[in-house]
Structures are given as C-alpha cells and as structure tokens.
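Read through the structure below, which is laid out as structure tokens, and then see the notes.
The values are calculated or read from the model by the stated rules, or taken from the named source; none is laboratory data. This structure is a prediction, so every number in the text was calculated from the model and none was measured. Neighbour counts run over all protein chains shown; Cβ positions are idealised from the backbone, glycine included.
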Amino acid sequence: MDSQAAREFFDRLVRAMNDRDLDELQTFFADDFVDEYPQSGERIRGWRNLKATLENYPQGGPRSDSQEIAAARVVADDRWVMTPSFTVVRVTGSGDTHTYVLKTRYPDGSDWYMINIVELRGGKIQKGSSFFAPAFPAPQWRGQWVESMDAAAS
C-alpha cells in the first residue's frame, strides 16, 4: 500500500471510530486480527473482543469537546485534523507495515497520543501494537533551548 492509499485507509478507519460505526470499523480488521498493548501487557484477539472493549468502554470511550470540523490538511501532507474523537496526526510506512499517530481526548478531559504500528494483510489490519502516552506541559528549565511545536507549525 503506497503512502496515499495508507493515508486514505487510516482516514476512513478514524472516521468510523469517530462515528462509532462498528459495522464499518469491522471492515478494517482481518478475521484473525490481534492487537497488543505492550504497556499493560494485554492482547486483544479477534474482532469480537475488540468490539466488546469498544462497546464496554467506561463513559463511552474517548471523546472530544471540540467542535466538529471537516477533514482538513494542516501544514504538511502527513498531518490531518479530524474530530470529534480522534485526530490523525501522522501516517508513515510502506508496503504492509504502517505507523499512525492519533491524538484523542478521554472522558476525564485528558489529552493523549496513541501510536499504532500495524501490519496489513489483504488490505486489512492483521496485527497491531498500540501505545498510549499522555500529553504533558513542557518543563520551564529547557525553554531557552527548544521551541514550541505549536509555534513551529505556524
């Protein structure tokens, strides 16, 4: 899968996630799909188990308070804005291995990044490794040597 096709694939995947369209979301995963969460030591096997985790997520899962914005390119080709729940920040990779980075807001109002490394087979996600990291403020002590990524993007 080339970079443009991958971008379109993950754009559609995230749209299904944001719409909570589980029927559409299922079309992205192979029957023997496996997703691993190395940080917690968990493994989700198969669509039924993934669907159950999505349906039973406390408070309905990640949501955003931001207004709904149509998909729009921001700064560079590999950065996208999508709301209300997940924002695709970047998609990289080639062939059947890709990494996509998402930003999301959880029900408690905290912002997190999700890094997903996926292997595709037959145009569907066969294996994933998902990592979760909270956003945090930059420490003041290194301020003189760094620039804000928000400022750099403008």
Qualifying positions in region 117-149 - more than 22 Å from M1 (Cβ to Cβ), in a strand (DSSP E or B) and touching an Asp or Glu at 6+ places or on another chain (Cβ under 8 Å): P134
Would you confirm whether any residue within region 57-67 is surrounded by fewer than 12 Cβ atoms within 10 Å (Cβ to Cβ), modelled with pLDDT under 95 and in a strand (DSSP E or B)? no
Would you please name the residue that is modelled with the lowest pLDDT, looking only at residues in region 82-102 that are in contact with a Ser or Thr (Cβ under 8 Å, 6 or more places away or on another chain) and outside any strand (DSSP E or B)? T83
Can you say whether R105 is touching a Ser or Thr at 6+ places or on another chain (Cβ under 7 Å) and either modelled with pLDDT of 90 or more or more than 25 Å from S3 (Cβ to Cβ) (or both), as far as the supplied structure shows? yes
